[in-house]
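Peer 1: One structure coming up, written as structure tokens, with questions to follow.
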Amino acid sequence: MAQEGRDENGKFIHKNLWHLMRSRIGQPKKFPTPEELASKGLEYFEWVAETKQKITFAGLKLYVGMNRSDWHNYKQNYPDYFDTMNHIELLLEAEWEGKLGWAGSTQGAIFWLKNKAGWKDEITQNQNQTVTTVQPTIIGDSPKLANDEKQIDV
């Protein structure tokens, strides 16, 4: 059996990492069903509207009691939560996308959409061109080409 603060080989585990590992082992899910997570997520949006706070992804995760890795792990390891979490993220995306329409500063909304929602700057150009290759032919009895301007008869 490993000693407290050491792995099974006896190597020291960083104190905070060991505490984190120990505190997560065998814990039940924070939300037994996706519906409970959805309810808590919607409660966050209502709270933001009542308190006139700003909507943030970090604020949402804090409100529902998750951190960044919890959110990621739920999406990766619990397929039944995936659609609910994507819908919550879509509500956030809609909020930030809506900010692009008003006259205030939009840099924050653009940043969020590019870095969190997968948007990207892209320019597409359609060019309909016909390329014709011209092949010169040399005429046998043509005059000799001049090497400089003194050889040109005007």
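The values are calculated or read from the model by the stated rules, or taken from the named source; none is laboratory data. These figures come from a predicted structure and were not determined experimentally. Heads up, the Cβs are rebuilt from the backbone with ideal geometry, glycines too, and the neighbour counts pull from every protein chain shown.
Peer 1: I need a count of the residues in the range 128-151 that are more than 60 Å from the chain's Cα centre (by Cα) and either modelled with pLDDT of 75 or more or surrounded by 10 or more Cβ atoms within 10 Å (Cβ to Cβ) (or both).
Peer 2: The qualifying residues number 6.
Peer 1: Could you give me the residue pairs with C-beta distances under 6 Å whose first residue belongs to the range 109-125 and is in the same structural domain as Ile55 (by TED's automatic domain parsing) and surrounded by 12 or more Cβ atoms within 10 Å (Cβ to Cβ), whose second residue is outside any loop (DSSP other than H, G, I, E, B) and of a type in the set (Lys, Arg) wherever it lies, and which are 6+ apart or on separate chains?
Peer 2: Ala109/Lys99
Peer 1: Related question: On the given criteria, is Glu43 surrounded by 12 or more Cβ atoms within 10 Å (Cβ to Cβ), over 28 Å from Lys120 (Cα atoms) and either of a type in the set (Asp, Glu) or out of contact with any Leu (no Cβ under 7 Å at 6 or more places or on another chain) (or both)?
Peer 2: Spelling it out, Glu43 is indeed surrounded by 12 or more Cβ atoms within 10 Å (Cβ to Cβ), over 28 Å from Lys120 (Cα atoms) and either of a type in the set (Asp, Glu) or out of contact with any Leu (no Cβ under 7 Å at 6 or more places or on another chain) (or both).
Peer 1: Can you find even one residue in the range 93-104 that is surrounded by 15 or more Cβ atoms within 10 Å (Cβ to Cβ) and more than 16 Å from the chain's Cα centre (by Cα)?
Peer 2: Yes, the conditions are met somewhere in the range 93-104.
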